[in-house]
Amino acid sequence: MSMLDIENLGVAYGPLKILKDVSFSLEEGQWLMLVGPNGAGKSTLINAVAGGTAYTGRIRLQGRDITGMRPRERARRVGVLAQRSGVGYAYTVEDVVRLGRYAHGRDPKNAAHIHRALVQVGMEEKRDQSVLTLSGGELQRTFLAQVLAQNPDLLILDEPTNHLDLKYRQQVFELVGKWLQTPGRAVLCVVHDLSLALAYGTCAVLLKEGRVMDRGVPKKVLSRENLLSTYDMDVAAWSRRMLGQWNDM
Amino acid sequence: MERPGVDRDKKRRVRRLALYGAPVPLVFALCVCVGSVNIGLGQTIRALFGLLEAASPDSLIIRTVRLPRVLCVALVGAALSLSGCAMQGLLRNPLADGSTLGVSAGAALGAVLAIALGRTGMGGAVVMAVLFAFGSLLVILALSFALDGSLATNTIILVGVIFSMFASALMSLVIAFAGEHVRTITFWTMGSLAGTGYGHALLLAGALLPCAGIILCLGRELNAFAVGEENARHVGVDVKRVKLLVMVCVSALIGVCVSVGGTIGFVGLVIPHMTRMLSGPDHKVLLPASMTVGAVFLMLADLTARILVKPLELPIGVLTSLVGAVAFVLIFYRSRRGAAGHEYVGY
């Protein structure tokens, strides 16, 4: 069953067109990697799906147009881990994760979801600690726990491992892979690291200047020719050179 | 494994709210008893229950002067503090308060215009201030919507600041042509609740009850906003609706407070900060706690204004600004030392 259908999506800020006629679908069980250079419109696309910006075209979630959905209903279906800078006040880790249950009202399972999410991201022991005292990586894991506590069907991740070291980067991707094994779920993920896109994605969409350059299985989408025309550089050769350094050690 | 903490958290919250509420009746009683003439608690209670002769000096002082005034002071303190607290959460900005929207300047313009035209009292300055407050809100929201259909917070603040400057310029213009009313206007702008009566108290209570009721119900939403507006939208908060509700309620509260007491600075800025240091940032506790702390603070400030140079009286706005400025510097210094390197002043 289709989780997300995007048809002829367009977003413009005044005369500046950010997204132009973008169309693709995401099926249940799929992990779609959205890749492209800076300014390609990846975060804008996520913002449109999350209801944060006006758009033309059509976005359907599980067959329903998202414009007809109330914010709480959308939040029960879609969880978004956005790029962020920080939290203004000294909330505890648990306070922030608890916000993930906002759309579920007074569900008796709230406490269980919060606890499970904290354990999953390894922040259980810091649940009473102020978020102002966390490192960038810990804060990112706290917000990941918030999204997991939300228990959505579609998980949207905007560069989820930006602030994380290699160990947690691996843990987060493994965790999302495990999360995806439950039927009826899908992941839409923005990444800059193309190796991660190849390793974890089941499909990919390549964006450049607001247009879809290619879509399909990651190996086809991230071909040498596609990357050369999108990034104006030989990405594969550069990546091989970077990895080759490890062979000399 | 679930945490058996939900009921415990609720009980703890109720206990903390009772703790913050407890000083209100005590300070209220103190402020009614003490003034340029001190009246004992027993005599005050007898006067309140009509057990004293109605024409006796004590009864007259308590029932016609002090009781309505202290009521007004408590209500204004609670309203200003609640407004500041809600705005600081909504805008995720510790420097915001009820006047950030520009409605305060609009209300002041209305009151100054009424005084300049020789119309003081409930029928003049108060009505004009309330009307101008709502008019200002409509102008600010309409302009913000015209500039940015999504009603982004930054747009609203920017329009509010510009509107504030525009209203202040108009106020200066009115004062320049106010003639013999300049002295009255100057005293009004310093902020004072002297001479307020039951009518004013009724007006304040009429605004505070529904507006506080609405804002207090938005504790979870304001927590989400305080973490970040984008995050609030992602977890399912109807951000536009909440923003409009809070802004309309804050505007109503500020408009009525300015109309009754003039410009009383710093209560809406400093009290939520001080309360946050005591109660933490959870708006389910912080909002009601700010109301009670604001009421207590302004009652004590008004008492000080009444007795410091008695029989003369200091304008309460001057006193709150003096105390508030010192308190704010101390808070800011402490927060810079305590939360160095973080984006915001954090409690």
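The values are calculated or read from the model by the stated rules, or taken from the named source; none is laboratory data. From a predicted model like this one, the values you see are computed outputs, not experimental measurements. When we count neighbours, we look across all protein chains shown, and the Cβ atoms used for this are built from the backbone with ideal geometry, even at glycine. Ligands, DNA and RNA are stripped out before the accessible areas are found, and what is left, the full protein with its side chains, is counted by its heavy atoms. Shrake-Rupley method; radii C 1.70, N 1.55, O 1.52, S 1.80 Å.
Annotation note: of A:Ile156, A:Ile114, the sole residue that is assigned to a helix (DSSP H, G or I), at the interface with chain B (Cβ under 10 Å from one of its Cβ atoms), crowded, with 17+ Cβ neighbours inside 10 Å and of a type in the set (A, V, I, L, M, F, W, C) is A:Ile114.
Out of the residues in the stretch B:219-246 that are crowded, with 23+ Cβ neighbours inside 10 Å, more than 9 Å from chain A (Cβ to nearest Cβ) and not β-branched (Val, Ile, Thr), state the one that is farthest from B:Leu287 (Cα to Cα). Ranking the qualifying residues of the stretch B:219-246, first place goes to B:Phe225.
When the residues of the stretch A:121-137 are filtered to those that are buried (at least 19 other Cβ atoms within 10 Å of the Cβ) and touching a residue at least 40 places away in the same chain (Cβ under 8 Å), the one that is farthest from the other protein chains (Cβ to nearest Cβ) is A:Val121. If the condition is being closer than 20 Å to A:Cys189 by Cβ and at the interface with chain B (Cβ under 7 Å from one of its Cβ atoms), then the stretch A:80-100 contributes A:Val80, A:Ala82, A:Arg84, A:Gly100.
Would you confirm whether or not the stretch B:108-119 contains a residue that is assigned to a helix (DSSP H, G or I), surrounded by 18 or more Cβ atoms within 10 Å (Cβ to Cβ), touching a helix residue (DSSP H, G or I) at 6+ places or on another chain (Cβ under 7 Å) and free of Cβ contacts under 8 Å to residues at least 60 places away in the same chain?
As a first pass, look at the stretch B:108-119 and keep what is assigned to a helix (DSSP H, G or I): B:108-116.
Then keep just the ones that are surrounded by 18 or more Cβ atoms within 10 Å (Cβ to Cβ); that gives B:108-116.
This time we only want the ones that are touching a helix residue (DSSP H, G or I) at 6+ places or on another chain (Cβ under 7 Å), so: B:108-116.
Retained after the next criterion (residues that are free of Cβ contacts under 8 Å to residues at least 60 places away in the same chain): B:114.
Yes, some residue in the stretch B:108-119 is assigned to a helix (DSSP H, G or I), surrounded by 18 or more Cβ atoms within 10 Å (Cβ to Cβ), touching a helix residue (DSSP H, G or I) at 6+ places or on another chain (Cβ under 7 Å) and free of Cβ contacts under 8 Å to residues at least 60 places away in the same chain.
Within the stretch B:30-48, being in a loop (DSSP other than H, G, I, E, B), surrounded by fewer than 19 Cβ atoms within 10 Å (Cβ to Cβ) and touching a residue at least 60 places away in the same chain (Cβ under 8 Å) holds for B:Val34, B:Ser36.
Restrict the check to the stretch B:292-312 and report whether at least one residue is among the hydrophobic types (A, V, I, L, M, F, W, C) and touching an Asp or Glu at 6+ places or on another chain (Cβ under 8 Å). Scanning the stretch B:292-312, I find at least one residue that is among the hydrophobic types (A, V, I, L, M, F, W, C) and touching an Asp or Glu at 6+ places or on another chain (Cβ under 8 Å), so the answer is yes. Out of the residues in the stretch B:81-100 that are closer than 19 Å to B:Met277 by Cα and open to solvent by 20 Å² or more (accessible area, probe 1.4 Å), which is nearest to the other protein chains (Cβ to nearest Cβ)? Going through the qualifying residues, I end up with B:Arg92.
The criterion of being in a helix (DSSP H, G or I) and within 10 Å of another protein chain (Cβ to nearest Cβ) does not hold for A:Arg106. Taking first residues from the stretch B:206-223 that are in contact (Cβ under 8 Å) with a residue 12 or more places away in the chain and partners that are aromatic (Phe, Trp, Tyr), no Cβ contact under 6 Å between residues at least 6 apart in sequence or on separate chains turns up. Could you go through the stretch B:307-315 and let me know if any residue there is surrounded by 24 or more Cβ atoms within 10 Å (Cβ to Cβ) and within 19 Å of the chain's Cα centre (by Cα). No, the stretch B:307-315 contains no residue that is surrounded by 24 or more Cβ atoms within 10 Å (Cβ to Cβ) and within 19 Å of the chain's Cα centre (by Cα).
In this structure, is A:Phe173 of a type in the set (Phe, Trp, Tyr), within 12 Å of another protein chain (Cβ to nearest Cβ) and part of a helix (DSSP H, G or I)? In short, no.
Selection of the stretch A:194-249 for residues being open to solvent by 70 Å² or more (accessible area, probe 1.4 Å) and among the hydrophobic types (A, V, I, L, M, F, W, C) yields A:Leu198, A:Ala199, A:Met213, A:Val217, A:Leu228, A:Met233, A:Trp238, A:Leu243, A:Trp246, A:Met249.
Rundown of residues vs (1) farther than 22 Å from A:Asn8 by Cα; (2) out of contact with any strand residue (DSSP E or B) (no Cβ under 9 Å at 6 or more places or on another chain); (3) among the aliphatic types (A, V, I, L, M), yes/no style:
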residue	(1), (2), (3)
A:Ala145	yes, yes, yes
A:Leu154	no, no, yes
A:Arg169	yes, yes, no
A:Val172	yes, no, yes
A:Gln181	yes, yes, no
A:Val187	no, no, yes
A:Val221	no, no, yes
A:Leu228	yes, yes, yes
A:Gly244	yes, yes, no
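Pairing each residue of the stretch B:180-203 that is touching a residue at least 40 places away in the same chain (Cβ under 8 Å) and basic (Lys, Arg) with any residue that is assigned to a helix (DSSP H, G or I) and surrounded by fewer than 14 Cβ atoms within 10 Å (Cβ to Cβ), provided the two are 6+ apart or on different chains, yields no C-beta distance under 7 Å.
Number of residues in the stretch A:30-59 that are open to solvent by 40 Å² or more (accessible area, probe 1.4 Å) and either modelled with pLDDT of 95 or more or part of a strand (DSSP E or B) (or both): the value is 4.
The criterion of being open to solvent by less than 20 Å² (accessible area, probe 1.4 Å), at pLDDT 90 or above and either out of contact with any strand residue (DSSP E or B) (no Cβ under 7 Å at 6 or more places or on another chain) or within 14 Å of another protein chain (Cβ to nearest Cβ) (or both) does not hold for B:Val174. Being crowded, with 23+ Cβ neighbours inside 10 Å, in contact with a Leu (Cβ under 6 Å, 6 or more places away or on another chain) and within 27 Å of A:Leu222 (Cβ to Cβ) is the requirement here; does A:Gly79 meet it? In short, yes.
Is there a residue being in contact with a Leu (Cβ under 6 Å, 6 or more places away or on another chain), touching a residue at least 12 places away in the same chain (Cβ under 8 Å) and in a helix (DSSP H, G or I) anywhere in the stretch A:83-96? Scanning the stretch A:83-96, I find no residue that is in contact with a Leu (Cβ under 6 Å, 6 or more places away or on another chain), touching a residue at least 12 places away in the same chain (Cβ under 8 Å) and in a helix (DSSP H, G or I), so the answer is no.
Filtering the stretch A:6-23 to residues that are open to solvent by 10 Å² or more (accessible area, probe 1.4 Å) and either β-branched (Val, Ile, Thr) or under 17 Å from A:Ala204 (Cβ atoms) (or both) leaves A:Ile18, A:Ser23. Say whether the condition of being within 14 Å of chain B (Cβ to nearest Cβ) and either within 19 Å of A:Asn151 (Cα to Cα) or of a type in the set (Lys, Arg) (or both) is met by at least one residue in the stretch A:28-46. Yes, some residue in the stretch A:28-46 is within 14 Å of chain B (Cβ to nearest Cβ) and either within 19 Å of A:Asn151 (Cα to Cα) or of a type in the set (Lys, Arg) (or both).
Scan the stretch A:60-75 and tell me whether some residue there is within 9 Å of another protein chain (Cβ to nearest Cβ), of a type in the set (D, E, K, R) and assigned to a loop (DSSP other than H, G, I, E, B). Yes, that holds for at least one residue.
With B:Arg63, B:Arg15 as the choices, which residue is away from chain A (no Cβ under 14 Å), open to solvent by 60 Å² or more (accessible area, probe 1.4 Å), free of Cβ contacts under 8 Å to residues at least 12 places away in the same chain and in a helix (DSSP H, G or I)?
Values: B:Arg63 fails: free of Cβ contacts under 8 Å to residues at least 12 places away in the same chain.
That would be B:Arg15, the only listed residue that is away from chain A (no Cβ under 14 Å), open to solvent by 60 Å² or more (accessible area, probe 1.4 Å), free of Cβ contacts under 8 Å to residues at least 12 places away in the same chain and in a helix (DSSP H, G or I).
Taking B:Cys72 as the residue in question, decide whether it is among the hydrophobic types (A, V, I, L, M, F, W, C) and crowded, with 24+ Cβ neighbours inside 10 Å. Yes: the conditions hold for B:Cys72.
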